[in-house]
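The values are calculated or read from the model by the stated rules, or taken from the named source; none is laboratory data. Everything quoted here is computed from the prediction, not taken from an experiment. Glycine gets a Cβ as well: all are built from the backbone with ideal geometry, and neighbour counts include every protein chain shown. Areas reflect the complete protein model, heavy atoms only, side chains present, ligands, DNA and RNA absent. Shrake-Rupley method; radii C 1.70, N 1.55, O 1.52, S 1.80 Å.
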Amino acid sequence: MTTSTCCENQGHKSGSCKTSSAKVTYRPVIDVVETADAYRVIAEIPGVGPENLEVQFERGELTIFGQVASAERSAEPWRKEFVRGDFRRVLAIQDEIDADGIVAELKFGVLNVLLPKAKAVRPRKIQIRVG
Amino acid sequence: MKTTRWPFESMGADVNRLHDEMNRLISRCGFDLVTPPAFPRSNVWVDAENVYVECELPGVKPEELDIELLGDQELLLKGNRERGYGEEVVWHKRERNLRSFERTMELPVAVDGDHVKAEFNHGVLLITLPKRAEAKARKIVIKS
């Protein structure tokens, strides 16, 4: 295992994803942590409902993306610090993942993806027999 | 009675207010923000009846958020965001800026504090503040 077990991927591999040509407005900020059994990716996507969000895991790459229409308001903004729009973030996980066990939860505008490690890469406690 | 405040007590709020004001002026000129805005990032707009304040508060539980109206033209938001990932973890990325926050925002016009509504949806707070009657535009009849 290398020291960097997850790394950023811009996701610009040609033809690897049908949404790669979509306009990307922002890249959600994330935390990534690892425990003995799993990785957790926590992404901030305020204002995004489950209907506008997709999470994919394919060939060791986790992709979080969505398309959100920007709110049209008739009134002129007095202060404007953020925009609604499309978002996308791709992350490569180098450890083998049990793809069937991946769980994603959305709560208070934060997406939490749990990626369990495949049994083969989890640390195993070896029982010692007394001879 | 005139009260004297400890000079450093309100400095955080004053610095935030100055920061807000500079960001507002810069964004009005059509440039991108030079520095990241204070947390929470906020949009404010006004129509004939109301002032609307929309804030991005990902990960904030509604019960951990305080909204206060200071006078009738200033809003204070404060709260807490926590990670809670446990201690036995290896960090690979740490981009979320989680800490307690406090932000004071000037409102464009005076509002009626008795009829403020707040909704929280997917980590976005929308506050609707009705304008005070004297702040609403009045049509002036021109006598011929």
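Annotations
- Cβ-Cβ distance of A:SER70 and A:ARG122, R₀ of 41 Å, FRET efficiency by 1/(1 + (r/R0)^6): the value works out to about 0.40.
- Summed over both chains, the contact between A and B buries some 3500 Å² of accessible surface at a probe radius of 1.4 Å.
- The peptide list A:114-122, B:55-63, put in order of mean Cβ contacts within 10 Å with the highest first, becomes B:55-63, A:114-122.
- The value of relative contact order for segment A:22-76, using C-alpha pairs under 8 Å at least six residues apart, is 20 percent.
- Long-range HN-HN contacts of A:GLU96 with modeled amide H, under 5 Å: A:ALA118
- Computed FRET value (nearest 0.05) for B:LYS117 with A:GLU54, which takes r as the C-beta separation and R₀ as 35 Å: 0.60
- The trypsin sites (Lys or Arg not before Pro) of segment A:38-94 that DSSP puts in a loop, and whose beta carbon has at most 16 other beta carbons within 10 Å, are A:ARG59, A:ARG73.
- Of the listed residues A:LEU106, A:LEU91, the order by accessible area with a 1.4 Å probe, largest first, is A:LEU106, A:LEU91.
- Rolling a 1.4 Å probe over the protein heavy atoms leaves B:HIS115 with an accessible area of roughly 110 Å².
- Our coupling estimate for segment B:131-143, obtained by passing each phi through the Karplus curve with A = 6.51, B = -1.76, C = 1.60 and θ = phi - 60°, is 5, 5, 3, 6, 8, 6, 5, 10, 7, 9, 7, 8, 7 Hz, Gly and Pro reported as x.
- Distance (nanometres) between label positions extended 7 Å along Cα→Cβ at A:GLN94 and A:LEU114: 2.6 nm
- Straight-distance crosslink candidates among aspartates and glutamates, where the alpha carbon sits under 15 Å from B:LYS93 and sequence neighbours closer than 8 are dropped: A:GLU8, A:ASP31, A:GLU34, A:GLU44
- Each residue of segment B:97-114 was assigned a 3J(HN,Hα) from its phi angle through the Karplus expression (A = 6.51, B = -1.76, C = 1.60, θ = phi - 60°), giving 9, 9, 6, 6, 9, 8, 9, 9, 10, 6, 9, x, 9, 5, 10, 8, x, 7 Hz with x at Gly and Pro.
- For the pair B:LYS93 and B:ILE140, the difference between a 0.36 nm per residue extended length and the Cα-Cα distance amounts to 11.0 nm.
- Segment A:47-58 - phi-based ³J(HN,Hα) in whole Hz, Karplus 6.51/-1.76/1.60, Gly and Pro as x: x, 9, x, x, 5, 10, 10, 10, 10, 10, 10, 8
- Anisotropy class of segment A:72-122 from Cα gyration tensor, a/c 1.5 cut: prolate
- Shielding of A:93-100 by partner chains, average beta-carbon count, 10 Å: 0
- Shape of segment B:70-137, Cα gyration tensor, a/c cut at 1.5: prolate
- Computed FRET value (nearest 0.05) for A:TYR26 with B:ARG132, which takes r as the C-beta separation and R₀ as 41 Å: 0.70
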